[in-house]
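Novice: This structure is in structure tokens; I'll ask about it shortly.
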Amino acid sequence: MNITRGFTGRPRVDNPGLPPGQYDARDDWPVLSAEVTPDLAPADWTFRIDGLVARPRTWDWDGAHELPASAYEGDIHCVTGWSKFGVRFGGVSLDAFLDAVQPHDSATHVVAYAHTGYTANLPLADVTGGRAWVVWDHDGRPLPAEHGGPARLVVPHLYFWKSVKWLAGLRLLDHDEPGFWEGNGYHPRGNPWEEQRYFGD
Amino acid sequence: MTEASGTAAVTGARERFAPPTRFAVPGRIGVGRQEASVWRTATLTGIRRETPRVSTFRFAVPGWTGHLPGQHLMLRLTAGDGYVAQRHYSIASAPDDSGHIELTLDHVEGGEVSGWFHTVARPGDRVEVRGPLSGFFAWPADRPALLVGAGSGVVPLWSMVRHHRSRDMRMPLRLLVSARSPRDLVFAREMRAETTPVFTRSAPAGVTVGRMTADHLAPFMEKQPPAGWEAYVCGSNSFVEHASRLLVAAGQPVERIRIERFG
């Protein structure tokens, strides 16, 4: 351990919800996208799932809202170091979308992509079984554009770069393909509890 | 809305997936996996005051593999009980072979890491860094660059200006930078004709005070290099949202605007 002379840090919090190396951002919700925030109206938003599925399909705003509503209330963790507790998102479980397209048994991974072209890769097992959502509400209000509105992916058990903003689609694959940050030195999976920030962690 | 079943076009294909929209800001350079995974000891060798709230910290980093202007690193401090605080910081210095790098840090209110740097740190202290990280905001000096920043958001942009100067490049490079006042303008002593400052709170006599506007961008958009500008925008989220909208409205293509948000 390389102790830094004179460094004490902020008061320690005993918070079992805080993964290693993270701090509580409290009311802040930093925005860290690398591209211009797109001007995307709900009427122009679409969400497609294709690749290794029996019935590839595209939903529009109204079609997606016909699926059963589902909410996530809990914590989110950003690779830059902040975590945010008790965040409330409303939308639809990704399971409801995947049930409709019938993934092939050979599908093992997905690439989630945005209307801006941003991409993130995820094991299929990380976005099924009630662990991922397509959301359009935050705290009961429409999700702001800078946070990914009109609709984004939320995969809260992984670092938040996986939760693609301005979600446009999922491509199901039988192998893993790095997305934008994963191709920029970040960890392929990004589990905050194992502090998988960068490749090799 | 169900489409005709059929996955023949993609089944079995092993081509790299490309989204229907080309990503606006694909990585400019490859990032070595090794660089990101190794923590190195950085020894503080000097501190320079830039503004009342901003200072530059110079480090010797044995084994540093070099960086491109615009890249950042991750820095960590460790307390006696093992508590660790880590932050991403842009690199302020240009790439060189001195074995040193420089970070220029704002003294953030209540900031545990920047607070340590501004009130405790002295030459000889050791911290740890990993990097350089990220390729999308790097400027490999291959395209004319229009740099737009505010506050300490000028730091990665200034690495680009320094690189441009040290290599005596002919390639067009301009910096439009917003600061609260002349005394808050980071690197003011080093700025020359490539820089146009905008002051939001107070300015020298005869200089307009106010937020960056389309009028500030107009001269650069009217006199573009033949292949246009690659725009690099850095600052707080509210600043980069504002500045990137100005750029888009002025005709800058979104796929040629790279954004680094502090916060």
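Any read-out appearing in this document is the output of simple, stated calculations on the displayed coordinates, not a laboratory observation. A quick note: this is a predicted structure, and the numbers were derived from the prediction, not measured. Cβ atoms come from the backbone with ideal geometry, glycine included; neighbour counts cover every protein chain shown.
Novice: How high is the relative contact order of the range A:1-98, given as a whole-number percent (alpha carbon pairs under 8 Å, six or more residues apart)?
Specialist: Computed over the range A:1-98, the figure is 27 percent.
Novice: Here is a follow-up. Taking only DSSP H segments of four or more residues, each worth -39500 (n - 2.57), what value at 222 nm results for chain B once the sum is divided by all its residues, to the nearest 500 deg cm²/dmol?
Specialist: For chain B, the value works out to -5500 deg cm²/dmol.
Novice: Under the definition of Cα pairs under 8 Å and six or more residues apart, what whole-number percent is the relative contact order of chain A?
Specialist: This gives 23 percent for chain A.
Novice: Out of all DSSP beta bridges with both ends in the protein assembly as shown, state the antiparallel percent to the nearest 5.
Specialist: The antiparallel fraction comes to roughly 70 percent.
Novice: If you don't mind, there's one more thing I want to ask. In chain A, what % of DSSP beta bridges are antiparallel (nearest 5)?
Specialist: 85 percent
Novice: Okay, next question. Take chain B, connect every pair of alpha-carbon atoms lying under 10 Å apart with a spring to form a Gaussian network, then pick out the residue of B:Pro20, B:Pro132, B:Pro62 with the largest mean-square fluctuation.
Specialist: Among B:Pro20, B:Pro132, B:Pro62, the largest GNM mean-square fluctuation belongs to B:Pro20.
Novice: So, one more: What relative contact order, as a whole-number percentage, does chain B give when Cα pairs under 8 Å and 6 or more residues apart are counted?
Specialist: Reported relative contact order: 19 percent.
Novice: Quote the charge dipole size of the range B:143-263 about the Cα centre in Debye, to the nearest 20; the model charges only the Cβ of Lys and Arg (+1) and of Asp and Glu (-1).
Specialist: 240 debye
Novice: Could you estimate the translational diffusion coefficient of the range B:33-133 from the Stokes-Einstein equation, with Rh from the Kirkwood formula over C-alpha pairs, at 4 °C and 1.567 mPa s, in whole µm²/s?
Specialist: 94 µm²/s
Novice: Would you calculate the separation in nanometres between label points at A:His104 and A:Ala54, each defined as 7 Å from the Cα along the Cα-to-beta-carbon direction?
Specialist: 1.4 nm
Novice: At what distance in angstrom do the alpha carbon centres of the range A:152-189 and the range B:102-132 lie from each other?
Specialist: So the separation of the two Cα centres works out to 32 Å.
Novice: Run the quick spin-label model on B:Arg189 and A:Thr8: label points 7 Å from Cα toward the beta carbon, then report their separation in nm to one decimal.
Specialist: 3.3 nm
Novice: Between B:Glu109, B:Glu15, B:Glu222, where does the largest GNM mean-square fluctuation fall for chain B, given springs only between Cα atoms within less than 10 Å?
Specialist: Checking each option, the largest mean-square fluctuation is seen for B:Glu15.
Novice: Let me ask something else. The range B:147-215 to the range A:59-126: how many Å between their Cα centroids?
Specialist: Value for the Cα centre distance between the two parts: 41 Å.
Novice: Further question: To the nearest 20 Debye, how big is the dipole of the protein assembly as shown about its Cα centre, given +1 on the beta carbon of each Lys and Arg and -1 on that of each Asp and Glu?
Specialist: That gives a dipole near 1740 debye.
Novice: Okay, next question. I'd like the per residue volume of the convex hull spanned by the Cα atoms of chain B, given in cubic angstrom.
Specialist: Hull volume normalised by residue count: 200 Å³.
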